[in-house]
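Colleague: I have a structure I would like to understand better, so I am pasting it below and will then ask my questions one at a time.
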Amino acid sequence: MILEELIRRYPQLRDCSYDIKDVYNGLLECFQNGGRLYICGNGGSAADSLHMVGELVKSFVVKRHLDPEFVRNADSELVKNLQGALPAFALVENAALATAYGNDVNPDYTFAQQVYAYARKGDCVMGISTSGNSKNVIYALKCARARGAVTLGLTGRDGGKMKEVCDACIIVPEQETYKIQELHLPIYHALCMMLEEEIWSE
């Protein structure tokens, strides 16, 4: 089992196992019901947002078959070169929007503005913050709740303010930023593998 292997390799995450399952279950329900995932974070956590999206939108470990209806409607070249995908988006990519909103309105609300534009009931919004106190991430999660989306968190230390606005939150047992980030990566890799196995394994 993927989660058991994660705990074997990183035994300090044993106390996080129930929260990892909760986040996984939230993501699985979202995707199975046609929802979308939006992820945000700052600095290294922005990079982690992009990394996680990369693992979800293309095959990671398991070969992913295409939707049968798509296969019926698409030409053979598309079918040959595309893979099954999960709809995940990083809110850290749009430099034009981010700089415009930061200049014209308030940079702390750039993620929240995107959540307001995109997220709907049944979607998931995940915030990644090593401190759990990143203002722009917290505002995004608050906006997600107001939109009826499920809120998920990946953080460290004591969870900060983030844990109060997340339906499920993984708080890794480290204090220093780089050590927290070193545990975030194997967690979201495991989440991606668990989703892929459940959805695409024969």
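Colleague: Only one of (1) in contact (Cβ under 8 Å) with a residue 60 or more places away in the chain; (2) surrounded by fewer than 23 Cβ atoms within 10 Å (Cβ to Cβ); (3) not charged (D, E, K, R) is not met by Val172, so which one is it?
Modeller: (2)
Colleague: Would you point out the residue of the range 24-43, among those that are surrounded by 18 or more Cβ atoms within 10 Å (Cβ to Cβ) and assigned to a helix (DSSP H, G or I), that is nearest to the chain's Cα centre (by Cα)? Walk me through it before giving the result.
Modeller: From the range 24-43, those surrounded by 18 or more Cβ atoms within 10 Å (Cβ to Cβ) are 24, 26-27, 30-31, 35-42; that's our starting set.
Going one step further and asking which of them are assigned to a helix (DSSP H, G or I), we end up with 24, 26-27, 30-31.
Values: Tyr24: 10, Gly26: 11, Leu27: 8, Cys30: 11, Phe31: 12 Å.
The selected residue is Leu27.
Colleague: Considering every residue within the range 79-89, establish whether at least one is hydrophobic (A, V, I, L, M, F, W, C), out of contact with any Phe, Trp or Tyr (no Cβ under 7 Å at 6 or more places or on another chain) and part of a helix (DSSP H, G or I). Working first, answer last.
Modeller: Residues of the range 79-89 that are hydrophobic (A, V, I, L, M, F, W, C), as a first pass: 79, 82, 85-86, 88-89.
Right, trim to out of contact with any Phe, Trp or Tyr (no Cβ under 7 Å at 6 or more places or on another chain) and you get 79, 82, 85, 88.
This time we only want the ones that are part of a helix (DSSP H, G or I), so: 79.
The answer is yes, given that some residue of the range 79-89 is hydrophobic (A, V, I, L, M, F, W, C), out of contact with any Phe, Trp or Tyr (no Cβ under 7 Å at 6 or more places or on another chain) and part of a helix (DSSP H, G or I).
Colleague: Here's another thing I want to ask about it. Based on what the data block shows, is Phe60 touching a residue at least 24 places away in the same chain (Cβ under 8 Å), in a helix (DSSP H, G or I) and closer than 27 Å to His189 by Cβ? Spell out the reasoning first.
Modeller: Working: touching a residue at least 24 places away in the same chain (Cβ under 8 Å): yes; in a helix (DSSP H, G or I): no; closer than 27 Å to His189 by Cβ: yes.
So Phe60 fails the test.
Colleague: Pick out the one residue from Ala85, Ala96, Ala90 that is of a type in the set (A, V, I, L, M) and farther than 22 Å from Leu56 by Cβ. Give the derivation first.
Modeller: On the way: Ala85 fails: farther than 22 Å from Leu56 by Cβ; Ala90 fails: farther than 22 Å from Leu56 by Cβ.
Exactly one of Ala85, Ala96, Ala90 is of a type in the set (A, V, I, L, M) and farther than 22 Å from Leu56 by Cβ, namely Ala96.
Colleague: Going through the range 159-182 one residue at a time, which ones are over 24 Å from Leu28 (Cα atoms) and of a type in the set (A, V, I, L, M, F, W, C)?
Modeller: Listed by number, the list holds a single entry, Ile180.
Colleague: Out of the residues in the range 108-126 that are in contact with a helix residue (DSSP H, G or I) (Cβ under 6 Å, 6 or more places away or on another chain) and hydroxyl-bearing (Ser, Thr, Tyr), state the one that is surrounded by the fewest Cβ atoms within 10 Å (Cβ to Cβ).
Modeller: Step by step, filter the range 108-126, then rank; the result is Tyr116.
Colleague: Among all residue pairs at least 6 apart or on different chains, which show Cβ distances below 6 Å where the first residue, located in the range 20-35, is in contact (Cβ under 8 Å) with a residue 60 or more places away in the chain and the second is of a type in the set (Val, Ile, Thr) and buried (at least 20 other Cβ atoms within 10 Å of the Cβ)?
Modeller: Matching pairs, first to second residue: Ile20/Ile170; Val23/Ile170; Gly26/Val150.
Colleague: What do you reckon, is Leu50 modelled with pLDDT of 95 or more, touching a His at 6+ places or on another chain (Cβ under 9 Å), at negative phi and in a helix (DSSP H, G or I)?
Modeller: On the way: modelled with pLDDT of 95 or more: yes; touching a His at 6+ places or on another chain (Cβ under 9 Å): no; at negative phi: yes; in a helix (DSSP H, G or I): yes.
Spelling it out, it is not the case that Leu50 is modelled with pLDDT of 95 or more, touching a His at 6+ places or on another chain (Cβ under 9 Å), at negative phi and in a helix (DSSP H, G or I).
The values are calculated or read from the model by the stated rules, or taken from the named source; none is laboratory data. Since the model is a prediction, treat every value here as computed from it, not as a measurement. Glycine also receives a Cβ, built like all others from the backbone with ideal geometry; neighbour counts cover every protein chain displayed.
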